[in-house]
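Read the structure below first, then the notes.
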Amino acid sequence: MSYALTAENIKKVFKKNKKIVHALKGIDIQIREGEIYGFLGPNGSGKSTFIRIASTLLIPDAGEIKVFGYDVVKEATKVQRLINRVSVEASFFKKLSAIENLLFAAGIHGISKKEALKKIYAISERVGLDRERLNDPLEDFSRGMQQKVAIARAFMTEPKLMLLDEPTTGLDPRAKREVQSLIMHMKEKLGATILLTTHDMEEAEKLCNYVAIIHKGRIIVKGHTEELKAMISHRVKNPTFEDVFMEFTGVSFDEAEYEEAESA
Ligand SMILES: Nc1ncnc2c1ncn2[C@@H]1O[C@H](COP(=O)(O)OP(=O)(O)O)[C@@H](O)[C@H]1O
Ligand SMILES: [Mg+2]
């Protein structure tokens with residue numbers, strides 16, 4: 001069995017307004033190659049912190065994390081070549097056009113201009129962007145379109161492990177569906193392994209084959225979608241992830257989000 005990512009006992013502490021925040025309290029996960037692995041958890045549960053560690057932006061206080069066997073801390077450059085990341089707020093040169101942004105990304109990843117243009121035209125078609133609009137500054141695009149371009153841009157570099165941090169948060173329902181279908185399409189076409197974080201239970205169910213529920217810096221339970229539901233099916237008929245969350249944390253998902261907002 002080959003793993004795209006393994007993490008053992010990952011811990012991270014922050015100091016926030018003189019208070020100590022234990023953002024991650026010992027995360028253990030193993031992501032198999034080819035999987036769409038979901039981190040489902042309320043706001044503040046530690047999802048982005050883990051993604052930032054996996055993408056070499058942040059160093060863990062304890063534990064070991066490897067991407068295709070390379071240590072994320074000690075072999076960061078090797079890891080960087082295998083991954084790409086898209087965060088909630090797509091980061092672009094907003095004054096530059098879509099095509100300039102895409103060519104820039106292609107350039108850093110060593111993709112030739114000719115090859116890049118071929119990919120960019122395929123991308124724009126896929127996300128429903130007219131070729132003429134490729135010359136418009138990114139800031140003139142809707143958030144949904146920006147997010148689609150960001151995801152397509154990240155896949156353009158053909159990462160072996162894609163880290164998608166709340167790729168649909170804050171999008172309207174239609175843009176959300178479009179981004180989800182783009183993710184599934186790209187995954188099918190390129191076959192990357194994906195770690196996706198979300199606080200949308202339906203999204204986790206729709207996109208992920210394996211889900212870890214994270215709450216207050218700990219993984220509460222993990223398994224294949226059907227396994228998770230089967231764990232409580234003797235008590236709840238036709239359980240949803242909401243029921244699974246409630247069963248294992250003792251609070252509803254909304255309550256958990258609210259608690260975090262209160263303590264922030
Ligand atoms: N740079 C930071 N400095 C201080 N606290 C942080 C920092 N980053 C995250 N935190 C805190 O760590 C906890 C987990 O945050 P985060 O990983 O962003 O959660 P999520 O992505 O699940 O919403 C939160 O309590 C958050 O306030
Ligand atoms: Mg986050």
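The values are calculated or read from the model by the stated rules, or taken from the named source; none is laboratory data. Here the structure is a predicted model, which means the values were calculated and not measured. Heads up, the Cβs are rebuilt from the backbone with ideal geometry, glycines too, and the neighbour counts pull from every protein chain shown. These accessible areas exclude ligands, DNA and RNA; they are computed on the full protein's heavy atoms, side chains included. Shrake-Rupley method; radii C 1.70, N 1.55, O 1.52, S 1.80 Å.
A few points about this structure:
- Scanning the range 58-114 for residues that are in contact (Cβ under 8 Å) with a residue 24 or more places away in the chain, more than 22 Å from MET145 (Cβ to Cβ) and touching a Pro at 6+ places or on another chain (Cβ under 8 Å) turns up LEU82, ILE83.
- Cβ-Cβ under 8 Å pairs, at least 6 apart or on other chains, the range 156-185 side more than 13 Å from ILE36 (Cα to Cα) and small (Gly, Ala, Ser), far side within 16 Å of ligand 2 (Cβ to nearest atom) and in a loop (DSSP other than H, G, I, E, B): GLY170/VAL88; ALA175/THR168
Residue-wise test of (1) within 16 Å of ligand 1 (Cβ to nearest atom); (2) in contact with an Asp or Glu (Cβ under 9 Å, 6 or more places away or on another chain); (3) open to solvent by less than 30 Å² (accessible area, probe 1.4 Å); (4) acidic (Asp, Glu).
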site: LYS12; (1), (2), (3), (4): yes, yes, yes, no
site: LYS16; (1), (2), (3), (4): yes, no, no, no
site: VAL21; (1), (2), (3), (4): yes, no, no, no
site: LEU24; (1), (2), (3), (4): yes, yes, yes, no
site: GLU33; (1), (2), (3), (4): no, no, no, yes
site: LEU40; (1), (2), (3), (4): yes, yes, yes, no
site: LYS47; (1), (2), (3), (4): yes, yes, yes, no
site: ALA54; (1), (2), (3), (4): yes, no, yes, no
site: TYR70; (1), (2), (3), (4): no, no, no, no
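- Looking across the range 207-229, the residues that are out of contact with any strand residue (DSSP E or B) (no Cβ under 7 Å at 6 or more places or on another chain), buried (at least 17 other Cβ atoms within 10 Å of the Cβ) and among the charged types (D, E, K, R) come down to LYS216, LYS229.
- Matching strands (runs of 3 or more DSSP E) fully within the range 1-67 where at least 1 residues are at pLDDT 95 or above and within 16 Å of ligand 2 (Cβ to nearest atom): 3-16, 19-32, 36-40
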